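All remarks here apply to the structure that follows.
The values are calculated or read from the model by the stated rules, or taken from the named source; none is laboratory data. As the structure is a prediction and not an experimental result, all values here were calculated from the model. Neighbour counts run over all protein chains shown; Cβ positions are idealised from the backbone, glycine included. Just the protein is used for accessible areas: all its heavy atoms, side chains included, with ligands, DNA and RNA removed. Shrake-Rupley method; radii C 1.70, N 1.55, O 1.52, S 1.80 Å.
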Amino acid sequence: MHELPQGFLAAGGTCGIKASGKKDLALFVSERPCTASGMFTQNLVAGAPVKVSRERLPSSEIRGVIINSGNANACTGQQGLEDARWMTALAAEQFDCRPEQFLVCSTGVIGHLLPRAVLEPGIPIVASTAEHSPQAFHDAAEAMMTTDTASKQSSRSVRIGNQTIIISAAAKGAAMIAPNMATMLAVVLTDAELNVDQASSWLRSAVDQSFNCISIDGHMSTSDTVLLLANGAAGVRPAGADEHRFREALNEVCLELAQSIIRDAEGAGHFVTINVSGLNSNQDAARIARHVADSALVKTAIAGNDPNWGRIVSAAGYAGVQFAETEVCLLLNGFLVYEQGLPTRFDAAAVSQALQSGEVEIDLRFASGSGSARFWTSD
């Protein structure tokens, strides 16, 4: 099991939001104020919790996050906002802090008001179980789940000076996953000391390399949120070479969670890595990677283990990026199937068998520049 960083507590339990009776309320709490930052959905239809958390960040005074699953509290108007703020106030009351020191996330069905009748007694009960233990961390990760088949956690340890700091995170997500995040939530916790600028900048960079590089169905949700809380309990601030090591570990944690979301995609049988290189900019490469990832025809070809390279090349062609057709090369699981604008002679049966492994690598190579991108999707 994964460890919590120093000074953090977690809890996960059942309030009764889910008819199944499964866990539906999670808490992540720091024993001291945290520097915190967040990234949120870019959907203009954003859930009430997104609006409440977004207005409270960045901050150097955050104490915790309360998360419910089974109800997204989205498209719920003014009552939804009041309910989200009420949740933070009730959580804050359990840990002797101010309501605005708590952040809130919700995930689940859209368009239904939160059931206060079950949350009001449930939040204090779950809060009373909060503790610093791997089991409590696991319970909290489990309580975030909706259609996920398994909880998603990741952690890294980094040596800074004479201290070891920990970065640990939990996430949920299996559908409504598109670039710029989706129906996914992630809470990243560390006992390193960060200032607000570091937390904001480093989180954005990590998200851009992970959660913003995944797509399952191209559907951007109302609820996606990634939060970073740093409480400084280890007593060290990353600087110089230590800063690089910390950021590398943060990137690894976010990437591991992002990939676990793709591997848990609803109904998926293939994990797909898309590499695009040789374009004028990283942005151009990412644009092509996104179009390939979101193509329904590419997905159906992969689902059928069909080496239909034409669907991949044509998806690159309508991405709105300028390139010469004669400079394109395409490899599928290492097999060269298209080179400089022409199909190659390849063993279709062998490529199909390679795709049946469930691990698919699409490698699109251009000759315009040094821009590159890596993306992950499913069938």
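Taking Cα centroids, how far is segment 151-174 from segment 193-266 in Å?
Segment 151-174 and segment 193-266 have Cα centres separated by 10 Å.
When all protein chains stay in place, what accessible area (Å², nearest 10, 1.4 Å probe) is found for V298?
The accessible area of V298 comes to roughly 10 Å².
What is segment 1-115 by shape, rounded, prolate or oblate, if you read a ≥ b ≥ c off the alpha carbon gyration tensor as root eigenvalues and call it rounded for a/c under 1.5, prolate for a/b larger than b/c, and oblate otherwise?
Verdict is oblate for segment 1-115.
Can you pull out the trypsin sites (Lys or Arg not before Pro) in segment 330-379 that DSSP calls coil and that have at most 12 other Cβ atoms within 10 Å?
The qualifying sites are R345.
Obtain the nm distance between the two label points defined at L336 and N280 by a simple spin-label model: each point lies 7 Å from its Cα along the Cα-to-C-beta direction.
Here the modelled spin labels are 2.8 nm apart.
Sort segment 10-64 into rounded, prolate or oblate with this rule: let a ≥ b ≥ c be the square roots of the eigenvalues of the Cα gyration tensor; rounded if a/c is under 1.5, and if a/c is not under 1.5, prolate when a/b is larger than b/c, oblate otherwise.
oblate
What helices in the chain pass both tests, a Cα length along the helix axis of 30 Å or more and a mean Kyte hydropathy of -1.0 or higher, using whole DSSP H runs?
241-263
Can you give the accessible area of Y318 in Å² (nearest 10), computed on protein heavy atoms with a 1.4 Å probe?
Roughly 130 Å² of Y318 is accessible to a 1.4 Å probe.
Between (1) 68, 45, 32; (2) 75, 51, 43; (3) 69, 49, 35, which matches Cα extents along the principal axes in Å calculated for the structure shown?
Correct label is (3).
So how much accessible area does W376 have, in Å² to the nearest 10, using a 1.4 Å probe?
Near enough 20 Å² of accessible area.
Take the alpha carbon gyration tensor of segment 183-296, find the square roots of its eigenvalues, order them as a ≥ b ≥ c, and report rounded if a/c is under 1.5; if not, report prolate when a/b exceeds b/c, else oblate.
prolate
Please work out the Kirkwood hydrodynamic radius for segment 260-376, using every pair of different C-alpha atoms, and report it in angstroms with one decimal place.
After inverting the mean inverse Cα-Cα distance, the result is 14.1 Å.
Sort 10-18, 286-294, 324-332 by packing, meaning the average of other beta carbons within 10 Å per residue, with the highest value first.
Output ranking for 10-18, 286-294, 324-332: 286-294, 10-18, 324-332.
At a 1.4 Å probe radius, carbon and sulfur cover how many percent of the accessible area of segment 238-372?
The nonpolar share, carbon plus sulfur, comes to 47 percent.
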